[in-house]
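Each remark here refers to the structure printed beneath this line.
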Amino acid sequence: MPVDVVSEVVIDRPVAEVAAYAGDPSNAPDWYVNIRSVQWLTPPPLRVGSRVAFVAHFLGRRLAYTYEIVELVAGERLVMRTAEGPFPMETTYRWEPVGEGRTRMTLRNRGEPSGFATVAGPVMAAAMRRANRKDLARLKALLEGLGD
């Protein structure tokens, strides 16, 4: 059963600012509740082909995985993909302006669980949806707290 979770938030900051912060993997532990660490496997800055290793805790388990950047349109879209482990995943960030100095950020996680993860697919989707909402709320609070 494929998992496809989409969440969004409107942040009272300009698109360029939101995209620069959220699109920098080094900032992920600051706004992703479950991400514990990030390690660049290719030198920054981020570009198509960049590889970044993440360590996360999700549903009581430690997960280590490497994302490869497969699409990057500055200030608009970032797509990263991993083929590792029992739950290959693609994560997409989209940023779009919604009025003066406001940004809608959409976070989409989709993948096709295999093995044991197939059984846990619906539980994983619900947990991902909850985590994504928390992550985006945390991102909003961080960025709006920066002020002008």
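The values are calculated or read from the model by the stated rules, or taken from the named source; none is laboratory data. In this text the structure is predicted, and so the values were computed from the model without any measurement. Cβ atoms come from the backbone with ideal geometry, glycine included; neighbour counts cover every protein chain shown.
Go through the range 63-77 residue by residue and tally those that are within 28 Å of residue 97 (Cβ to Cβ) and of a type outside the set (D, E, K, R).
Going through the range 63-77 one residue at a time, the tally reaches 7.
Take residue 47 and decide whether it is modelled with pLDDT of 95 or more and assigned to a loop (DSSP other than H, G, I, E, B).
So residue 47 passes the test.
Give me a count of the residues in the range 63-95 that are within 15 Å of residue 128 (Cα to Cα) and surrounded by fewer than 14 Cβ atoms within 10 Å (Cβ to Cβ).
Total meeting the criteria: 0.
Of these, 106, 91, which one is assigned to a strand (DSSP E or B) and within 15 Å of residue 2 (Cα to Cα)?
91
Assess whether residue 76 counts as being among the acidic types (Asp, Glu) and farther than 18 Å from residue 124 by Cβ.
Against the criterion (among the acidic types (Asp, Glu) and farther than 18 Å from residue 124 by Cβ), residue 76 qualifies.
Is at least one residue of the range 50-61 at pLDDT 95 or above, touching a strand residue (DSSP E or B) at 6+ places or on another chain (Cβ under 6 Å) and closer than 22 Å to residue 143 by Cβ?
Yes - at least one qualifying residue is present in the range 50-61.
Where the second residue is aliphatic (A, V, I, L, M) and in a loop (DSSP other than H, G, I, E, B) and the first is without any contact (Cβ under 8 Å) to a residue 60 or more places away in the chain and lies in the range 1-25, which pairs have Cβ atoms under 8 Å and are six or more apart or on separate chains?
Cβ pairs passing all conditions: 24/46; 25/46.
Which is of a type in the set (A, V, I, L, M, F, W, C), buried (at least 16 other Cβ atoms within 10 Å of the Cβ) and without any contact (Cβ under 8 Å) to a residue 24 or more places away in the chain, of 52, 38?
Exactly one residue qualifies, and that residue is 38.
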